[in-house]
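Taking it in order: structure first as structure tokens, then the write-up.
The values are calculated or read from the model by the stated rules, or taken from the named source; none is laboratory data. Since the structure is predicted, the reported quantities are computational estimates derived from the model, not experimental observations. Note that each Cβ is placed from the backbone with ideal geometry, even for glycine, and that neighbours are counted across all protein chains shown. Accessible surface is based on the protein model in full, side chains and every heavy atom, while ligands, DNA and RNA are left aside. Shrake-Rupley method; radii C 1.70, N 1.55, O 1.52, S 1.80 Å.
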Amino acid sequence: MSEAGDVPAESSARWAPDSWQQRQALQQPSYDDPDELARAGTHLAQLPPLVTSWEVLALKQAIAEAQDGKRFLLQGGDCAESFADCTSPVISNRLKVLLQMSLVLVHGLKKPVLRVGRFAGQYAKPRSADSETRDGVTLPSFRGDVVNGQEFTAAARRPDPQRLIQAHAHSALTMNFVRALIDGGFADLHHPEYWNLAWVEHSPLAAEYRKMVAGIGDSLRFMETLAGPIAGFSKVDFFTSHEALLLHYEQALTRQVPRHPGWFNLSTHFPWIGMRTAALDGAHVEYFRGIRNPIAVKVGPSVTPAQLLPLIDALNLDDEPGRLTLIHRMGNAKIATALPLLLEAVKRAGRRVLWVADPMHGNTESTSNGHKTRRFDNIRGELEQAFDIHAAAGTRLGGVHLELTGEDVTECMGGARGLSEGDLDRAYKSMVDPRLNYEQSLELAMLIVRKSVGGATVAGTNSE
Ligand code: PEP
Ligand code: CO
């Protein structure tokens, strides 16, 4: 049980956008020129923000509704965005997959879907080692395009503060294009054909998807015949998220605004703390406790209730609706033992969180030819178990967090087309973790509908 006395004394201490610098900050690059870093930070702090405080607060309200079971969160996108992939087809294809998945979910779950992209800022990656050695040469690890280049040369791997500015610019370009597409009617439910991807025609799932789209079109026309055009159907909201890992970047985009009190991270709507940087006394938790955004924390299999409850207190002492999302990423083999204890403890403590499943990060493995991959069966298995475990605990699985792409890649094995280890060489493009391709993503969306409609929700065991 968590009580006020468990809260570390520091939580009530003075907070400022730079107070994290008094704590241990894991997963930060070592910049070789502090003055150059400071100049880049000053420059970044003068540039306009990428999102606004009222969008951030609207998302918090929508997450509060998801906590009450009125919405389902779909959060997805690349493991790591790259500057090179800041192109029209990559951005629009990613949007198409997310829109198609959300259509499947809206249709099946009969509730609004909250769409959050892992994009427009997902440029920093945690790494298991600070350096990498090849043929006797040791260089800093690649930490994402906001830090250094992937190429294995001393020049590319040098952490370069100018990349902070470039990451902001590429995020703004991405954001601008997404906003323009959505404002221009790209997400209009009357025109789901806008979201078709070339290979949908050949997919084993195409028939089921087309039937759903036709059904939605019929219902929409029927309602509009009775009631006239329904404004809400011509647009959908899209929010952005990224792992707020590189704290110099996040600090520079942490702002005060005229009409809302407090500090907002205006680099994204919905930042999250990664599993490796979620220590209670660490710099990331210190930074996150002071911003007003809705925030998420990744929770891995080694986290105990005794660790999780003080973390909830540190990040959301007042139990504010919509503030805190917990993304569990346990792995197919561990979720059955690791998750129930946490659900039970949070429920007993009466804490308000949105529980979201990330069935990707606990299921990463390496093949014999060195590819990082994930088996679709493990991803599906973890997600199915997540629904069952929540139903048994009397808690609610309110969303999913996925790594996916609209490109026709072969990075995860299995799925409707049964991709094998041999297929991985054909189209393996990810810079870091393996992503679901278009078909595998849609298959998961269909599975979510089957699990939540066929299981807990209908049986009525999932109410809190
Ligand atoms: C990620 O989401 O890409 C990631 C590194 O996740 P985690 O912190 O859960 O390992
Ligand atoms: Co990843």
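At-a-glance table
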{"read-out": "Partners for Lys70 among aspartates and glutamates (Cα-Cα distance below 18 Å; same-chain residues under 8 apart left out)", "value": "Asp237, Glu320, Glu464"}
{"read-out": "Once the Cα gyration tensor of the chain is diagonalised, semi-axes √(5λ) in Å", "value": "32, 27, 24"}
{"read-out": "Most positive-pole-ward Cα, Leu103, Leu73, Ala84, against dipole of segment 49-103 from beta carbon charges", "value": "Leu103"}
{"read-out": "Listed residue pairs exceeding 19 Å between alpha carbons, taken from Lys372/Lys429; Lys60/Lys110; Lys60/Lys347; Lys298/Lys334; Lys125/Lys298", "value": "Lys60/Lys110; Lys60/Lys347"}
{"read-out": "Protection proxy ranking of 345-351, 202-208 - average other beta-carbon atoms within 10 Å, highest first", "value": "345-351, 202-208"}
{"read-out": "Dipole-positive endmost among Phe177, Gln150, Ala187 within segment 131-202 (Cβ charges, Cα centre)", "value": "Gln150"}
{"read-out": "Computed label-point distance, nm, for sites Lys110 and Lys372 using a 7 Å Cα→Cβ extension", "value": "4.1 nm"}
{"read-out": "Gain upon complete extension [Asp183, Glu365; 0.36 nm per residue less C-alpha separation]", "value": "61.5 nm"}
{"read-out": "Solvent-accessible surface (1.4 angstrom probe) belonging to Thr268, in square angstrom, nearest 10", "value": "0 Å²"}
{"read-out": "Potential lengthening between Asp33 and Lys429 on full extension [0.36 nm per residue; Cα-Cα distance subtracted]", "value": "139.3 nm"}
{"read-out": "Paramagnetic label zone (point 7 Å from Cα along Cα-to-C-beta, Arg259; backbone N under 20 Å) in segment 32-53", "value": "48-53"}
{"read-out": "Three-way shape label, segment 259-371, alpha-carbon gyration tensor, a/c 1.5", "value": "oblate"}
{"read-out": "Dipole magnitude of the chain about its Cα centre (Cβ charges: Lys, Arg +1; Asp, Glu -1), debye to nearest 20", "value": "820 debye"}
{"read-out": "Student exercise, segment 319-386 dipole from Lys, Arg, Asp, Glu Cβ charges, in Debye to nearest 20", "value": "100 debye"}
{"read-out": "Compactness of segment 17-62 - radius of gyration and Dmax, Cα, Å", "value": "15.0, 42"}
{"read-out": "Förster radius 51 Å - calculated FRET efficiency between Asp130 and Arg210 (Cβ-Cβ, nearest 0.05)", "value": "0.55"}
{"read-out": "Residue list for segment 395-423, given a label point 7 angstrom along the Cα-to-Cβ vector of Thr87 and an amide N cut-off under 14 Å", "value": "406-409"}
{"read-out": "Placed amide H near Phe239: partners under 5 Å, 5+ positions off or other chain", "value": "Arg115, Val116, Gly117"}
{"read-out": "Considering only segment 262-394, percent of DSSP beta bridges that pair antiparallel, nearest 5", "value": "15 percent"}
